[in-house]
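Structure record follows, encoded as structure tokens.
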Amino acid sequence: MKFGFIGSGKMASALVRGVTQSGVIPAQQIVVTDVLPNLAQKLAKETGAMALATNAEVASAADALILCVKPQDALAALRGIDIKGKLLISIVAGLPNAAMQEAAGTSARIIRVMPNTPALVHQGAAAYALGAGATNEDAAVAEKIFGAVGKIVRVKEPLIDVVTGLSGSGPAYIYLVIEALADGAVLMGLPRDLALQLSAQTVLGAASMVLQTGEHPSVLRDQVTSPGGTTIAALEALEAAGARAAFIAAIRAATERARELGAAK
């Protein structure tokens, strides 16, 4: 099976590097292109894939296509190529399966994926939804590709917007948390470089504890919250400032915005 990447930007590059480095897909089975030819050529040189000049050439050469272009360019890209009967995996934000199906034709088998930027360091969190014609075998292909750069789960398409609000936009929330924690430590006298290092490592360690132990976050929180201690004093301050409500509101706002963008297509 040959795979074609339409678009060779950061996310496409992360995916190509992930599948080739892990051995999931041999480089000889991958072709890439981009409106900026130097990006495709650079990716091909670094991974062993083949760079082609146009979207049409990639569509002709590949059995499955991965659409990695900007939202405003996606439908035009689909209308300009022949993908009858082929698998199309799209990571285009806010673009519903129905809109892609209309542009690509009824015989195209479509999967919509919402990845996130930590895929660049093989720690991505992605979710996917099958279009009307996609099969379980197609789902396995998507899981193979995105599983090479992190974790991927299957959801119903209406939930893709929630995933966008949670893990799609989520890295930005966590960067804000890391920065704020470091700022607090700087305020109390810790040097900036050490504050950032310890803040980021603390977030990484806490996330790893949740994933590796399988414990609910509240259980793990209680394990470091001694009666009358420093942690409970800090938690009181966070609750008083509305930290929990602020994060819930952030997910709601991002999800609603994703729905607005999708409805506009």
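A few comments on the model shown:
- Kirkwood Rh in Å, taken over the stretch 170-263 so that all alpha-carbon pairs contribute: 15.3
- Computed over all pairs of different Cα atoms, the Kirkwood value for the hydrodynamic radius of the chain is 20.2 Å.
- 5 angstrom amide H check on K86, placed H, neighbours 5+ away: R109
- All other residues whose Cβ lies under 14 angstrom from that of S60 are scored, Lys and Arg at +1 and Asp and Glu at -1, for a net of 0.
- Degrees between helix 192-213 axis and first principal axis of the chain (Cα, 0 to 90, nearest 10): 70
- Distance violations [Cα-Cα > 26 Å] among K70/K151; K10/K84; K10/K86; K45/K70: K10/K84
- Estimated from helical segments only, the mean residue ellipticity of the chain at 222 nm is -16500 deg cm²/dmol, where each DSSP H run of four or more residues counts as -39500 (n - 2.57).
- The convex hull around the C-alpha trace of the stretch 70-147, projected and averaged over every direction, spans 4.9 square nanometres.
- Rounded to 10°, Cα long-axis angle of helix 170-187 versus longest principal axis of the chain: 30
- Taking 0.36 nm per residue of separation and subtracting the Cα-Cα distance, full extension of the segment from Q28 to A139 would add 37.7 nm.
- Backbone phi angles across the stretch 13-29, fed through the Karplus curve with coefficients 6.51, -1.76 and 1.60 (θ = phi - 60°), yield HN-Hα couplings of 4, 4, 5, 5, 4, x, 6, 6, 5, 7, x, 5, 9, x, 4, 5, 9 Hz in residue order; Gly and Pro are listed as x.
- R0 of 22 Å, Cβ-Cβ distance Q41-A172: FRET efficiency to nearest 0.05: 0.10
- ³J(HN,Hα), Karplus 6.51/-1.76/1.60, whole Hz, each residue of the stretch 33-41, x for Gly, Pro: 8, 6, 5, 9, x, 5, 5, 5, 5
- Net charge of neighbours whose Cβ lies under 12 Å from the Cβ of I152, counting Lys and Arg as +1 and Asp and Glu as -1: +2
- Once the Cβ-Cβ distance of Q123 and E57 is raised to the sixth power relative to R0 = 25 Å, the FRET efficiency obtained is 0.15.
- Whole-percent P(r), the stretch 3-155, all Cα pairs, 5 Å bins from 0: 2, 11, 22, 25, 23, 14, 4, 0.
- Taking amide H atoms as placed 1.01 Å from N in the peptide plane, the amide H of V32 lies under 5 Å from those of F5, M50, A51, L52, each 5 or more residues away in sequence or on another chain.
- Whole-percent P(r), the stretch 119-175, all Cα pairs, 5 Å bins from 0: 4, 19, 26, 24, 17, 7, 2, 1.
- Estimated from the Cβ-Cβ distance and a Förster radius of 35 angstrom, the FRET efficiency linking A206 and L261 is about 0.65.
- Rounded to 10°, Cα long-axis angle of helix 136-147 versus longest principal axis of the chain: 50
All of the numbers you see were taken from the coordinates with simple rules; none came from a lab. As the structure is a computational prediction, the values presented were derived from the model and not from experiment. Because the Cβ atoms are built from the backbone with ideal geometry, glycine has one as well, and the counts that use them run over all protein chains shown.
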